[in-house]
Amino acid sequence: MYTIPQQFYEKTRDWAQQAAVPPDLLSYYYQVIYPAEMLTLPSGKGIDQPRWVTASAFDEAFVAAIPGGRLVTSNAYVVTPDNKRLRDVELDCPLIDFSELPEPQHFKGTVATLIWGWNMPHIKACTQNIFGHWFFDLLPRLHLLEKSGIPIDKYVIGKLFHPFHYESLAMLGIPLHKCIQVEDADFHLLADRLIVPAVPLMVGKCPPWASHFMTKRLKADRHVKTKKGFERLYITRKDAAARFVANEDEVLRFLKGKGFREIVLTPLSTAEKIAIFSSAQHIVAPFGSGSINIAFCEPGAALFELAPSTFVDPYFWKLCAHAGVDYYEIVCEVEQPPKPFVGTDNIVVNINKLEHVLKLAGI
């Protein structure tokens, strides 16, 4: 009988060093694609006190090759031949309420996993359905696979649902017939050789190589043309599930007087989003996945992020730094009463404060 393993290697490297006998075989099991580094990124601008330090640590980005490796549950936990999970390539899911697994489905050849986070379609808990995680925590793993030089026969991915899933895979040259789509909670796969790339968020949240790969492949290599009329943008979250701007009508009236244009991102294709952000010079946006598109801005553009006072996340500051985009954090009060879940509060924008920060930027 198979069960979900409860023992772990904290680091994939720990497993590889044990498996490499003699030690000079380590590179067969574990390739370092990018070494660990510490970067000091440009400080944000604006009038609020910085809420994080400018030093950013990134662990080494790797690709592991596991003979007889397994993937268990729809979350695709990686299991080594000695029946231990790899902690640094998974996001533990407390929603799993079972332990037994069926016999594994055996795939011959070389299989790479792209799943990270929660992938439980039956309860609508899917990390890859969040635009930001899909683009910067899952897809950049393809870059590590490419750099490893290992030919891949099949890719394991969560059940594809949104247009941006299909569009981005096509743009990156991944055919659907090579994708094993996972939706069964008790998924269990055994591969002759399982290839496991590091997860961007797990090595340091928004490492520079992930940003540069996505920008190169989706923008530079495709020679994206700019669009007139999109120089100043306001990104609304009216199409999102949470974290709305409570006084958005007031914000829009003010910004339209400054020449800003409201953009709803969900109806747009991936190509349209890239073209629009490539054209933008100034962007005002509440904190959220839509700001992932900042990566496609030209250097010298500026993001004015409307950030809830109850939640701190330097993700888009890092992304701006990698893209050469100026970053202004505008810390906003939240609507009362606060929401029960962290990071879901609606925000209330102080128009005078917004005007002050825009003036600092020459707007």
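The values are calculated or read from the model by the stated rules, or taken from the named source; none is laboratory data. Everything numeric here is computed off the predicted structure, so don't read it as measured data. Glycine gets a Cβ as well: all are built from the backbone with ideal geometry, and neighbour counts include every protein chain shown.
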For the range 18-67, enumerate the residues that are small (Gly, Ala, Ser) and loosely packed, with under 14 Cβ neighbours inside 10 Å. SER27, ALA36, SER43, ALA55, ALA57
Number of positions in the range 351-363 that are buried (at least 16 other Cβ atoms within 10 Å of the Cβ) and not in a helix (DSSP H, G or I): 1
Restricting attention to the range 252-267, does a residue exist that is assigned by TED's automatic domain parsing to the domain that holds VAL349, more than 17 Å from PHE304 (Cα to Cα) and among the acidic types (Asp, Glu)? no
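Which is in the same structural domain as LEU169 (by TED's automatic domain parsing) and more than 23 Å from the chain's Cα centre (by Cα), of LEU114, LEU101?
Details: LEU114 fails: more than 23 Å from the chain's Cα centre (by Cα).
Criteria check complete, one pass: LEU101.
Listed here are the residues, each with its yes/no results for (1) in contact with a strand residue (DSSP E or B) (Cβ under 7 Å, 6 or more places away or on another chain); (2) in a strand (DSSP E or B); (3) exposed (fewer than 14 other Cβ atoms within 10 Å of the Cβ).
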residue	(1), (2), (3)
ASP184	no, no, yes
ALA191	yes, yes, no
HIS212	no, no, no
LYS228	no, no, yes
ARG237	yes, no, no
ALA241	no, no, yes
Mind telling me which of the residues GLY173, GLY149 ends up being modelled with pLDDT of 95 or more, among the small types (Gly, Ala, Ser) and touching a strand residue (DSSP E or B) at 6+ places or on another chain (Cβ under 9 Å)? GLY149
Counting only residues in the range 162-182 that are assigned to a helix (DSSP H, G or I) and among the small types (Gly, Ala, Ser), the one nearest to the chain's Cα centre (by Cα) is identified as SER168
Which one is nearest to THR127 (Cα to Cα), of the residues in the range 259-290 that are touching a residue at least 60 places away in the same chain (Cβ under 8 Å) and of a type in the set (Ser, Thr, Tyr)? SER289
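Report yes if some residue within the range 250-268 is part of a strand (DSSP E or B), within 27 Å of LEU360 (Cβ to Cβ), modelled with pLDDT of 95 or more and touching a helix residue (DSSP H, G or I) at 6+ places or on another chain (Cβ under 8 Å); otherwise report no.
Yes: the range 250-268 contains one or more residues that are part of a strand (DSSP E or B), within 27 Å of LEU360 (Cβ to Cβ), modelled with pLDDT of 95 or more and touching a helix residue (DSSP H, G or I) at 6+ places or on another chain (Cβ under 8 Å).
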